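The values are calculated or read from the model by the stated rules, or taken from the named source; none is laboratory data. Every value quoted in this text rests on a predicted model; they were computed, and no experiment measured them. We place every Cβ from the backbone using ideal geometry, glycine too, and count neighbours over all the protein chains shown. When the accessible area is computed, the model is the full protein with side chains, heavy atoms only, and any ligands, DNA or RNA have been set aside. Shrake-Rupley method; radii C 1.70, N 1.55, O 1.52, S 1.80 Å.
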Amino acid sequence: MTASIGPAAYIVAARRTPVAPRGGALSRLQADELSAPVLARLIGDAGLPPLPIDHVILGNALYAGGNPARLAALRAGLPVHVPAMTIDTQCCSGLDAITLGVRMIEAGAADCVLAGGTESYSRAPIRMHRPVTWDSEPIPYTRPPFAPSPFADPDLTEAAARLARDWKISSDAQADYAVASHAKALRERERRRSNLVECTSGAGEDGFTRRLTRKTALRAPVLARSGGYGLTAATIACEADGAAAVLLVSERIWKRGGHAGLRVVAAHSAGGEPSDPALAPVGVARSLFAELGQTAAEFGAVELMEAYAAQAMVTLDELGLQIDRVNRHGGALARGHPIGASGAILMVQLFEQLVRTSGNAGETGMNRGLALIAAAGGLGSGMVVETANS
């Protein structure tokens, strides 16, 4: 199902850590250590009577087991009886974790859920396959397969380069998009955002955001090329560390609190061709538009994952999204990409625009927001939320 099937779920608080490049300011923290202060802060943010948290759900892609959600819940001081689960749908993990929490509330199985994602690229385990025979050596690998034979399972950067070639997205155009993402993020930094949780001293804001010029972007090393169309280090989101989460509550709890928040209107996940993973969110968005009877122009704010400038630009074009409403606070090109957390970061950014700041939705007269993200293997996820005042 796409739209809500039962009681509504509400987001009453949303927080994230700053995002830091791999090896940067957050590099000494494990994934659960990144998310624990976020979870702890959310409970205090809600402004509701003491809440019995029913479940913790976190997305994660690189931790290689161990259920970091449970570790994070215990580190955050939650009672030991609160269950926690970790899910892995790669880049979609953080948003899918929130969707799973929404479904629990819709089904009447929970009233309060902490959901989001966490990732430490810096502390991710070194991956090796065990030897098949006693006299063989372990075989190191960079990533697991995302699609089995006979499906294509391309490197994501190579797939994005082919996308740029097929859509004729020049290096100049990609550089301009990246420059704009950094510029928006810098403008937002000057407003002293209130959604960040500092989890280590000296890391109070996103560490990768900078004054990027077109000249610098074009001089960045080319990391992939296809038919004369290249992707550079400036037009690909860098590997990063970070965590984000939201507090989801049922309508009964939300009405008791008397606070503004976001109502989850609809959520959808879908699969597409593994060979073209960047295109999966296009189908997701179209399904949401059809379900809700809305067009792209009717959303006041859109948070679109920028794993690659080319991928974001194709999605914008295919869906007819209005660039002035997309990633108003900058995107992943200006932050970095902590895989398991990135989808949850999109929802925190929407909360910031639609709830904490008073101008953005009002300027357009629309109070609905859309989050979209793609993942390896040809997966896409999306969620629609709207402002709700009791």
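Measuring spread by the Cα atoms of the range 64-175 yields a radius of gyration and Dmax of 19.7, 54 Å. In the complete set of protein chains, residue-level accessible area for Trp167 is approximately 100 Å², probe 1.4 angstrom.
Modelled label positions at Ala109 and Ile323, each set 7 Å beyond Cα in the direction of Cβ, lie 4.3 nm from each other. Excluding same-chain neighbours fewer than eight residues apart, the lysines reachable from Lys184 by a Cα-Cα span under 26 Å are Lys168, Lys215. Per residue, the chain exposes an accessible area of 40 Å² to a 1.4 Å probe, with every protein chain left in place. For the range 199-249 and the range 141-190, what is the separation of their Cα centres, given in Å? The two parts, judged by their Cα centres, are 11 Å apart. Could you compute how much accessible surface Met347 exposes when probed at 1.4 Å, giving the result in Å² to the nearest 10? Result for Met347: roughly 0 Å² accessible. Computed from label points 7 Å out along Cα-Cβ, the spacing between Glu251 and Asn389 is 2.0 nm. Taken one residue at a time, the phi angles of the range 296-302 give Karplus couplings (6.51, -1.76, 1.60, θ = phi - 60°) of 4, 5, 8, 9, x, 8, 10 Hz. Gly and Pro are set to x. For Lys255, a cut-off of 15 angstrom between C-alpha atoms picks up these aspartates and glutamates, skipping any fewer than 8 places away in its own chain: Asp111.
About its Cα centre, the chain has a charge dipole of approximately 960 debye under the convention of +1 per Lys or Arg Cβ and -1 per Asp or Glu Cβ, with nothing else charged. Sorting the segments 329-342, 288-301, 113-126, 80-93 by their mean number of nearby beta carbons within 10 angstrom, highest to lowest, gives 329-342, 113-126, 80-93, 288-301. Take the Kirkwood radius over Cα pairs of the range 193-290, plug it into Stokes-Einstein at 25 °C and 0.890 mPa s, and you get 132 µm²/s for translational diffusion.
If you place +1 on the Cβ of every Lys and Arg, -1 on the Cβ of every Asp and Glu, and leave all else neutral, what size is the dipole of the range 151-229 about its Cα centre, to the nearest 20 Debye?
Numbers: 15 positive and 11 negative charges, 97 e Å.
Dipole of the range 151-229, to the nearest 20 debye: 460 debye.
In this calculation the C-beta distance from His81 to Ala297 is compared with R0 = 30 Å, giving a FRET efficiency of 0.05. Do you know the relative contact order of the chain, to the nearest whole percent, from alpha carbon pairs under 8 angstrom that are 6+ apart? 28 percent.
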